[in-house]
Structures are given as structure tokens and as C-alpha cells.
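> Before anything else, here's the structure in question.
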Amino acid sequence: MSEKLSKSEELKEKLFYKKQNGRLICDDETLSRADEYCEGYKCFLNIAKTEREAAATAIEMAKARGFSEFERGKQYKAGDKVYINNRGKTVALAVIGTQSVESGVNITAAHIDSPRLDLKPNPLYEDTDLALFKTHYYGGIKKYQWTAVPLALHGVFALKDGSVVKVSLGENDDEPRFVVNDLLPHLASEQNKRTLAEGIKGEELNVLIGSHPFKDDKGSELVKLNILKLLNEKYGITETDFLSAELELVPAFKASDLGFDRSMVGSYGQDDRVCAYPALTAVLNVENPKRTAVAILTDKEEIGSDGNTGLNSDFLRYVIHDLAEMQGGNGTVALRNSKCLSADVNAGLDPTFPDVMERKNASLLNYGVTVTKYTGARGKASTSDASAEYVAEVRAMLDKAGIIWQTGELGKVDIGGGGTVAMYIANMGVDVVDLGVPVLSMHSPFETTAKLDIYMCYRAMYEFMK
Ligand code: MN
Ligand code: MN
């Protein structure tokens, strides 16, 4: 260590931007804290596989930590903790600051919906003595990845009498699972000529759900009939009730450590629970902040954030207005003075597919939480390009707290693109930059992240809101 640096080494040390593997520069205590933190994260992944389950879990965890449901007209004082539940799919959690809300709040935003297969409104049919569900995929998926993997069914039937019947089937080892079948390779010579995008088509994502016919000497659709009999016994529903249901098929596997060294996490739904869990646990740990801390866990990001539970709705705007008005302040002024970390994943550099990345600006596993100045496509279309001033502020905060971080772009300039909720929040006049965790196999049934990056994401969120 005491070896003297040469002049050029000394100057390089001073002038160059250095990107370093976080696991090399972290002490053992930090690494074991990251491991410990990810034990909770894996539990969260396993119990919160859909936006409804994630919202319910967040509210349950928040209540246990002293949060109560926000009531308009009620006065809250500094240090009070509230949550606002938007239709069971989007949740805002806030800790009231000592400064006025009008002087600005610090927002972290992450999404709790993930790509999956939704059931169509009229999904059930029988063909060749097998019963199947028709699906409509949700979000950007590579369709071929969703065949021949065990699936679990989550969601609700909303009935005409106003009651809602919850469904979760296929998560426990003693429960049945479901599958989208694929063609055997022996007979796939024609299918193999299709492009990868068309390898499995949307209308081929049909889910096998049964094969046992209702025993009768006559009649057709006896397998379908038997399925409906079972569903009627278990959930009290008839076929028409599918019309007002939201049922989602998600991979049935559990989250697990990845690698001999257990340095990574493999799971379905890490985009964006890998940022939602840090945002949630950070706001739960915030006590008496100066600026009001708001964490928002939102739905519908994967399909463009539209709809009344997406961040392109007025929900967040109303939350800030409600909080400001509670103190007699102005919501618009509050928004203008607010800052946000839009917490979403970025694409990590996969050594098997390096050609889509530009190395100098790609994020790497274990190099820390990723700050993404802009996403978008082509010439920065459809994105919020964070201002240099705001990035500087975030950079200073991260460095001061000793948080390991890196920058990332979403692939090479002309190769594709994507977006986050950052632009919708920025459009309200809030300062926003994206910050999140690099992921491999994004949007697949089993995504890869690194534990150190997840923990650093948590630390960044906490530092920002505390
Ligand atoms: Mn995302
Ligand atoms: Mn996504």
C-alpha cells in the first residue's frame, strides 16, 4: 500500500473517472449487510408477485411500522407517517417533514407491476379433450421464454354483488401449476424457420389447465365443464365471472441466491421490485425528515404508465396537493420545489451479448446502484433528460454517504430503447433522475441482479429521504 505512485499514476488518480467493482472496494461488513438485506428482499419477491400483492404487502409492512391511512382534513405533524392506497394497485407512503410540504418533498418512485401473462376476458376453452386459457401478455416480453415454465395464477374475480374473490394458486409445493406448452424439437422444423420474435406468437400463449372430463355418458366440453365445476366449488364463480376478473399468470419459481458465491439474486419480477423494495424499506426507516419523504409504488409502468393506477395519471399530483393543502400550502408550488429519484432498473452488461452495449456507458453487475441521466430511444425521444445541476446534487449526496454507484445508458444509441416513470414526474415540474439496479435477462421469467447493487439502491433511497 505504501508504494509510491508515479507522477502519471498520481495525476490519473486525480483526473480520471474510475469505475470499480464494488465488491473489491467494500468492506466485509457492508457485504454481509447486503446479504442480510437481500434475505428480506427475496421474501418480498415471493409474497408480492403482482401489483395487488405488492401494494397489500407494502401497506401491511407500513402499518406495522406506525403508518396510518391518510385522511383528508386531518392535521398531521412532523414525523407522522401516512399512506394513500390507490385501488389496491398503487400506494404512496409519506413521512411528514419538519419543513413545509410547500417547500418541496423528496419522492422515490418505483413500479410494482411486472411483465406476465394476463387471462383474456373470456379465457376458458376446450380443445382435443384438454382445457386451456387464452392469454394476453402484459408488458414487453420475449414470448418464447414463457413456454414450458411452471406458472402460478394470481389475481381476483370481482363479482356483481361487489365482493372480490382472491386467487393465488401454484405457489405452494402442494398446489397445482400451469404451463404454456411448446412444440417438440422433432416436429419443429417449420417453427424453427420463424423469427425469434415469432417463435411463439401471442395467440399461441395458451395455458394448459386441465384434462379430466366430467364423467357423463353424453355431452361435449366435458373437460371444460369439470374445470368450471372445480372453480365453482373453490371460488363460487361461473364462466361469466371471468369477464370481471384480473387474473395473471406468473412464473411459479421462488427467488433464490445465484452463483456458487451467492453474490446474486435470481427471481421473477425483479423489474421493478428490486427498486420498489428498497424504496419501501427506506421510507419505513425514515424518522423525522426535514423535507417530507414520499415513496410511491406504482402500477402500469410496463404498459406505459397510462390508466388511473399508473404514474401518467394525476394520482401523484393529488397526493402532493393533499399533503400541501393539509398545511394550508399550495400543491403546485410543492411540486415545483420537489425532487425525485425515479427508481427503475437498467440493463446490465451481459458478457454473452456485449454488442448491444457501449462499454464506457453501460452499467455492470456489482458496480453499485446505477444513475441513468436519460433513457428513451433514438435521439433521446420520450424521456426526461435530468439536468446537470440535479445530477450533480444526487452525485454529491451519494459520494458523501459512501454509496457505491455508477452510471448507465440503456444500450447503444441506435439499438433500441425504453422508458421509465421519470418523464411523467418531470412533467409535473419535479426534478427527477433515474436511479436503480442493473439487471440481466430483464423481463424474462427469471431475472438476475447483484446483491451489492440492491443494497446500495436501498442506501441511496434512504439517504435521499431521511
Ligand atoms: Mn422497470
Ligand atoms: Mn420493465
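The values are calculated or read from the model by the stated rules, or taken from the named source; none is laboratory data. Because the structure is predicted, anything quoted here is derived from the model rather than measured. Virtual Cβ from ideal backbone geometry, glycine too; neighbours counted across all protein chains shown. Ligands, DNA and RNA are excluded from the accessible area calculation, which covers all protein heavy atoms including side chains. Shrake-Rupley method; radii C 1.70, N 1.55, O 1.52, S 1.80 Å.
> If you add up the charges near Met326, with Lys and Arg at +1 and Asp and Glu at -1, over every other residue whose beta carbon is less than 9 angstrom from its beta carbon, what do you get? Before the final figure, lay out the partial values.
Values: positive: Arg72, Lys74; negative: Asp322, Glu325.
Local charge sum for Met326: 0.
> Using a 1.4 Å probe and ignoring any ligands, DNA or RNA, find the accessible area of His321 and quote it in Å² to the nearest 10.
40 Å²
> Also, quick follow-up: For segment 129-244, what's the relative contact order in percent, using C-alpha pairs closer than 8 Å and at least 6 residues apart?
35 percent
> Give the accessible surface of the chain per residue, rounded to a whole number of Å², with probe radius 1.4 Å and ligands, DNA and RNA excluded.
On the way: 22090 Å² over 466 residues.
Each residue of the chain exposes 47 Å² on average to a 1.4 Å probe.
> I need the calculated FRET efficiency for the pair Lys193 and Asp414, taking r as the beta carbon distance and R₀ as 30 Å, to the nearest 0.05. If you can, show how the numbers build up before the last one.
On the way: r = 28 Å, r/R0 = 0.92.
Here the calculated transfer efficiency is 0.60.
> Can I ask one more? Need one number: % antiparallel among DSSP beta bridges in segment 319-442, to the nearest 5.
Numbers: 6 of 16 bridges.
For segment 319-442, the DSSP antiparallel bridge percentage is about 40.
> When all alpha-carbon pairs of the chain are counted, what percent fall beyond 41 Å?
On the way: 24470 of 108345 pairs.
Of all Cα-Cα distances in the chain, 23 percent exceed 41 Å.
> What is the percent carbon and sulfur in the accessible area of segment 26-74, measuring with a 1.4 Å probe over the protein chains and ignoring ligands?
Working: 1190 of 2560 Å².
Its accessible area is 47 percent carbon and sulfur atoms.
> In the structure displayed, which of Lys143/Lys218; Lys166/Lys290; Lys134/Lys166; Lys339/Lys360 lie more than 30 Å apart, Cα to Cα? Spell out each step's value before the answer.
Values: Lys143/Lys218 38 Å; Lys166/Lys290 40 Å; Lys134/Lys166 20 Å; Lys339/Lys360 28 Å.
Table pairs above 30 Å Cα-Cα are Lys143/Lys218; Lys166/Lys290.
> If you take every DSSP beta bridge fully contained in the chain, what fraction is antiparallel? Give it as a percent rounded to 5. Kindly include the intermediate steps, with their values, before the conclusion.
On the way: 54 of 76 bridges.
For the chain, the DSSP antiparallel bridge percentage is about 70.
> Give me the aspartates and glutamates in straight-line cross-link reach of Lys229: C-alpha distance below 13 Å, same-chain residues under 8 apart excluded.
Qualifying aspartates and glutamates at Cα under 13 Å: Glu221, Glu239.
> Sort segment 10-160 into rounded, prolate or oblate with this rule: let a ≥ b ≥ c be the square roots of the eigenvalues of the Cα gyration tensor; rounded if a/c is under 1.5, and if a/c is not under 1.5, prolate when a/b is larger than b/c, oblate otherwise. Before the final figure, lay out each step's value.
Values: a/c = 2.48, a/b = 1.28, b/c = 1.93.
Taking the square roots of the gyration eigenvalues as a ≥ b ≥ c, segment 10-160 is oblate.
> Something else now. Please give the length that would be gained between Thr332 and Ser220 if that part of the chain were fully extended, namely 0.36 nm times their separation in residues minus their C-alpha to C-alpha distance (nm, one decimal). Walk me through the numbers before you get to the answer.
Values: separation 112, 0.36 × 112 = 40.32 nm, distance 6.18 nm.
Here the segment from Thr332 to Ser220 would lengthen by 34.1 nm.
> Give a quick list of trypsin sites (Lys or Arg not before Pro) in segment 310-399 that DSSP marks as loop, anything other than H, G, I, E or B, with at most 10 other Cβ atoms within 10 Å. Before the final figure, lay out the partial values.
Details: sites: Arg317, Arg336, Lys339, Arg359, Lys360, Lys373, Arg378, Lys380, Arg395; in loops: Lys373, Arg378, Lys380.
Counting only loop positions with at most 10 other Cβ atoms within 10 Å, the trypsin sites (Lys or Arg not before Pro) in segment 310-399 are Arg378.
> Further, regarding this structure: Could you tell me whether segment 310-466 comes out rounded, prolate or oblate from its Cα gyration tensor? Rule is a ≥ b ≥ c as square roots of the eigenvalues, rounded for a/c under 1.5, then prolate if a/b exceeds b/c, otherwise oblate.
prolate
> For each pair in Lys42/Lys74; Lys42/Lys380; Lys234/Lys254, compute the distance between the two Cα atoms and list the pairs where it is over 30 Å. Don't skip to the end; give the middle numbers.
Working: Lys42/Lys74 37 Å; Lys42/Lys380 34 Å; Lys234/Lys254 25 Å.
Correct reply: Lys42/Lys74; Lys42/Lys380.
> On to the next question. Compute the acute angle (0 to 90°) between the alpha-carbon long axis of helix 222-235 and the principal axis of greatest extent of the alpha-carbon atoms of the chain; round to the nearest 10°.
It is inclined by approximately 50 degrees.
> Still on this structure, I have one more. First select every other residue whose beta carbon is under 15 angstrom from the beta carbon of Ala386; then total the charges, Lys and Arg +1, Asp and Glu -1.
Numbers: positive: Lys339, Lys373, Lys380, Arg395; negative: Asp344, Asp385, Glu389, Glu393, Glu409, Asp431, Asp434.
Net charge around Ala386: -3.
> Within 10 Å, count the other beta carbons around each residue, average over each peptide in 426-432, 348-354, 158-164, 404-410, and list them highest first. Display every interim value, and only then the final one.
Values: 426-432: 20.0, 348-354: 13.7, 158-164: 10.3, 404-410: 23.1.
Ranked by mean Cβ neighbours within 10 Å, highest first: 404-410, 426-432, 348-354, 158-164.
> I'd like the Karplus ³J(HN,Hα) series for segment 403-417: coefficients 6.51, -1.76, 1.60, θ = phi - 60°, whole numbers in Hz, and an x wherever there's a Gly or Pro.
8, 7, 8, 8, 10, x, 10, 8, x, 5, 3, 9, 8, x, x
> Over the heavy atoms of Glu171, what accessible area does a 1.4 Å probe trace out, to the nearest 10 Å²?
Near enough 20 Å² of accessible area.
> Among the GluC sites (Glu not before Pro) in segment 68-138, which ones are in a DSSP loop with at most 15 other Cβ atoms within 10 Å of the Cβ? Mind listing them?
On the way: sites: Glu69, Glu71, Glu102, Glu126; in loops: Glu71.
Filter output for segment 68-138: Glu71.
> Also, quick follow-up: Add -39500 (n - 2.57) for each DSSP H run of 4 or more in the chain, then divide by its residues: what number comes out at 222 nm, to the nearest 500 deg cm²/dmol?
Values: 11 runs with 128 residues, N = 466.
My calculation for the chain gives -8500 deg cm²/dmol from helical runs alone.
> Right, next: Give me the one-decimal nm value for the distance between modelled label points at Thr352 and Thr240, 7 Å along each residue's Cα-to-Cβ direction.
Once both label points are built, they end up 4.9 nm from each other.
> Could you give me the ³J(HN,Hα) list for segment 96-108, computed from phi with Karplus coefficients 6.51, -1.76, 1.60 and θ = phi - 60°, whole Hz, x at Gly and Pro?
Working through the residues one at a time gives 5, x, 6, 7, 5, 4, 4, 7, x, 10, 9, 10, 10 Hz.
> Between Arg65 and Glu389, what is the spin-label point distance in nm, taking each point 7 Å from the Cα along the Cα→C-beta axis?
So the label points at Arg65 and Glu389 sit 3.2 nm apart.
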